[in-house]
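I have placed the structure first, in the form of structure tokens, so that the comments after it can refer back to it.
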Amino acid sequence: MTTLSNHVPDPRLITAFSERGDGPLHRVNPWTKVGVVGALVLAVTVFDRLGLLVGLYGVVLGVYGLAGLPFRRLAGWYTLPMLFIVSVAGPLAVLEPGTPIGGILVTPLGEFSVTWTGLVLFGELSCRSLTVVTFTLTASMTTKYADVAYVLGRLLPRPIDQIALLTYRFTFIMIEALEELVKAALSRGANFSEFWSNKQLYARILGMTMLSAIEQSDRLVKSMEARGYDGYLTLYGDVSRPPIHELCVVVGSYVAVVGYAAVTIYGAGL
């Protein structure tokens, strides 16, 4: 549903790209993508300069575009992480001491101003968050479900791997239930354009979605048990080891990040 997927990543659209796409990143080994995700998380944690973080984010955006994925969807999906960034980094940009930009705003609570130091801090936090979010979406939209299930089954201990796989499958049921309720509300003249004026309607839809999802989950479990489900989802598939050139990329990424941390942060000599 378009109204649900403009600002929230739609798992059905992500699955469609992963199963039907044939870009360069679709042919990359899933273990390589897992390794690169770890290197990116380490990099955004270690890098302490805005220029490096912007460059890293630019590289990830380039990889996203190289995979043939839609930038228009990505811009809409940035809504949720940007809300988190603004709520966390916004006050830091105002409260961070430094040279004010555009003067000082006097309020009954005190003087507030956006400083250059705070603006740089806001940019760093934004790049850190969007880099990881973008590559995670890229990896999800270029990896088939069977490969994701196999990797999760190997990485996560039981029963966490089973919970993750069932949560993924149950997400589609939740979305279908939510869509039916939204369509019913729209057919009765509901208006979702303003949140605060319709907060009670949002609360009722959310509550009914949870109740409907619980009922459907009970039916789903009973149907799975009738088909022989014993608490373990059998995974028919195998993900081979990454080729040597992909291993070199992953190892090189970790070496570069660790080397930067050793030289720049801890002052280790080469």
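What's the number of the condition Phe192 fails, among (1) within 24 Å of Phe84 (Cα to Cα); (2) at pLDDT 80 or above; (3) in contact with a Ser or Thr (Cβ under 9 Å, 6 or more places away or on another chain)?
For Phe192, the failing item is (2).
In this structure, does Leu83 turn out to be modelled with pLDDT under 85 and assigned to a helix (DSSP H, G or I)?
yes
May I ask you to verify whether Thr167 is in contact (Cβ under 8 Å) with a residue 12 or more places away in the chain and under 16 Å from the mean Cα position of the chain (by Cα)?
The answer is no for Thr167.
Determine which member of the set Leu66, Leu95, Leu74 is modelled with pLDDT of 70 or more and either open to solvent by 50 Å² or more (accessible area, probe 1.4 Å) or among the acidic types (Asp, Glu) (or both).
Only one candidate passes the filter, namely Leu66.
What are the residues in region 77-87 that are open to solvent by 70 Å² or more (accessible area, probe 1.4 Å), within 19 Å of Gly118 (Cα to Cα) and in contact (Cβ under 8 Å) with a residue 12 or more places away in the chain, if any?
If the condition is that a residue be open to solvent by 70 Å² or more (accessible area, probe 1.4 Å), within 19 Å of Gly118 (Cα to Cα) and in contact (Cβ under 8 Å) with a residue 12 or more places away in the chain, then Phe84 is the only one that fits.
Taking only pairs six or more apart or across chains, which ones have beta-carbon atoms under 7 Å, a first residue in region 3-31 that is within 30 Å of Ala185 (Cβ to Cβ), and a second residue that is part of a loop (DSSP other than H, G, I, E, B) and modelled with pLDDT of 85 or more?
Correct list of pairs: Ile14/Met141; Phe17/Leu69; Phe17/Met141.
What is the one condition in (1) over 28 Å from Thr45 (Cβ atoms); (2) modelled with pLDDT of 75 or more; (3) surrounded by 11 or more Cβ atoms within 10 Å (Cβ to Cβ); (4) not polar (S, T, N, Q) that Val239 does not satisfy?
If we test Val239 against (1) over 28 Å from Thr45 (Cβ atoms); (2) modelled with pLDDT of 75 or more; (3) surrounded by 11 or more Cβ atoms within 10 Å (Cβ to Cβ); (4) not polar (S, T, N, Q), just (1) comes out false.
The values are calculated or read from the model by the stated rules, or taken from the named source; none is laboratory data. This is a predicted model, so every value here is computed, not measured. A quick note on method: Cβ atoms are made from the backbone with ideal geometry, for glycine too, and the neighbour counts reach across all protein chains shown. When the accessible area is computed, the model is the full protein with side chains, heavy atoms only, and any ligands, DNA or RNA have been set aside. Shrake-Rupley method; radii C 1.70, N 1.55, O 1.52, S 1.80 Å.
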